[in-house]
Amino acid sequence: MDWELVRQQLESIWNRKVTISRRPWEEWSRAAAKRGSGAVTAVLPKSAVLKGSTEFLIGKDGSEATVLTIDSDGLSDAERQLVELMLDSGKTQEKKAGGAVSEEERKAGLACDWLRQQQELGLTHAEMPDSLVSQLSLYSIKIPLLLYGDSTTSRRVQYSELKKLLESFFDAEITLIPLTDKEWVILAPEKILSMGSGDERDSEEGESLEDQLAAVGYGLHEMLENEWVGECHLAVHYPMMPGKSLYAAVQQLKETILLGRTYHVGSNMHLPWMLQLEKLIHLIPESEKAGFLERVLKRLDVALDAEMLTTLDQFFQLDCNVSETAKKLYIHRNTLLYRLDKFKQETELDVRTFNDAVLVKIAMLLYKVTKRK
């Protein structure tokens, strides 16, 4: 059952805010059992009025309850019963679908549970149990990718549908592990590095490993943007042995997407080797970041308007090459030099020198984040 679609429909019908949230199971069950008479009833009700809102139980996952909340306690008994009936119907559909879960998806669920357990333990490295490696056939080197679907679509992605789409793209069998409804780990065979190359040996000699991984990532991202659920974020990791390094790789991929989304808004493809500086400065306390900005760029808003930010971004991306930057920006070389000279006058920093370029690059990353806040 697509609960997000149900939420949207109810919100439209009642013209009131409707949300889906999670509560500790014990808290909800105690409060909901007292509905009406104030005494705990023998049968747990399907809904309850709590703090001025009507909550409907969608399901229980371990120690948490998933509830659909309508921001009003003024529903009539008939309206409440209709919603409960609709939710019951949806749960019945889910149970029927659950019986049809493939063995492959069941095994992927075991891997997801194991990854979550290691995270709850606060581990940084963990080796996968041999039994799990065997069930998933993870004996060879794999290329791990993390896919995050940042889409507002109400359509829920099906495991089999996404796996089929990915295997069609890679032209190879892959392992797909769902972490959440929006987050998926993809383990592709190492041979995908030769995708699109007529001669594997020539490709290996002409491109670095990072270039090959980036090519695969950008190609996959383009396909997903067009064929899947719309906007999404993708991160790629170096080849590794899943049994030894899957947990650590997944943690690094999550960090890569976090850094990319934080410091490079508008970019959806995130490569860990391109975010080393961002990783370092992300660890700096907020007070230190603000102090650095004040020292390096005293006139932030004047010096870094939209035009200057774009200019400097391109300038740094093209290794501070004036001619190439001017071509990329479709401006005359002298126009670019004028902008850089103006920036130097306002900040006393010349980005055509190495030391000042490093300072401004760091300041720009921090400025983008602090300005959004």
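Please indicate, with yes or no, whether at least one residue in the stretch 108-118 is of a type in the set (Asp, Glu), open to solvent by less than 80 Å² (accessible area, probe 1.4 Å) and at pLDDT 85 or above. So far as the stretch 108-118 goes, yes, one or more of its residues are of a type in the set (Asp, Glu), open to solvent by less than 80 Å² (accessible area, probe 1.4 Å) and at pLDDT 85 or above. Modelled with pLDDT of 90 or more and either out of contact with any Leu (no Cβ under 9 Å at 6 or more places or on another chain) or surrounded by fewer than 19 Cβ atoms within 10 Å (Cβ to Cβ) (or both): is that true of residue 150 in this structure? Answer is no for this residue.
Selection over the stretch 340-356 of residues that are in contact (Cβ under 8 Å) with a residue 24 or more places away in the chain and open to solvent by less than 40 Å² (accessible area, probe 1.4 Å) gives a count of 5.
Residue 350: under 24 Å from residue 281 (Cα atoms), part of a loop (DSSP other than H, G, I, E, B) and in contact with a helix residue (DSSP H, G or I) (Cβ under 7 Å, 6 or more places away or on another chain), yes or no? Taking the combined requirement at face value, the residue satisfies it.
Inside the stretch 258-274, can you point out the residues that are of a type outside the set (Phe, Trp, Tyr) and open to solvent by 10 Å² or more (accessible area, probe 1.4 Å)? Full working, then the answer.
Here is the first cut: in the stretch 258-274, the residues of a type outside the set (Phe, Trp, Tyr) are 258-262, 264-272, 274.
Result: 258, 261, 262, 264, 265, 266, 267, 268, 269, 271, 272, 274.
Among the residues of the stretch 207-216, those that are more than 14 Å from residue 188 (Cβ to Cβ), part of a helix (DSSP H, G or I) and either in contact (Cβ under 8 Å) with a residue 12 or more places away in the chain or open to solvent by less than 70 Å² (accessible area, probe 1.4 Å) (or both) comprise 209, 210, 214.
Filtering the stretch 359-372 to residues that are surrounded by 13 or more Cβ atoms within 10 Å (Cβ to Cβ) and either over 18 Å from residue 295 (Cα atoms) or among the hydrophobic types (A, V, I, L, M, F, W, C) (or both) leaves 359, 360, 362, 363, 364, 365, 366, 369.
Of all residues in the stretch 9-26, those that are part of a helix (DSSP H, G or I) have Cβ atoms under 7 Å from Cβ atoms of residues that are surrounded by 15 or more Cβ atoms within 10 Å (Cβ to Cβ) and at pLDDT below 80, 6 or more apart or on another chain, in 25/64; 25/65. Checking the structure you have, find out if any residue of the stretch 73-89 is closer than 15 Å to residue 56 by Cβ, at pLDDT 75 or above and not in a helix (DSSP H, G or I). So far as the stretch 73-89 goes, yes, one or more of its residues are closer than 15 Å to residue 56 by Cβ, at pLDDT 75 or above and not in a helix (DSSP H, G or I).
The values are calculated or read from the model by the stated rules, or taken from the named source; none is laboratory data. In this text, all values refer to a predicted model and were calculated from it rather than measured experimentally. Every residue, glycine among them, receives a Cβ derived from its backbone with ideal geometry; neighbour counts consider all protein chains shown. Heavy atoms of the whole protein, side chains included, go into the accessibility calculation; ligands, DNA and RNA do not. Shrake-Rupley method; radii C 1.70, N 1.55, O 1.52, S 1.80 Å.
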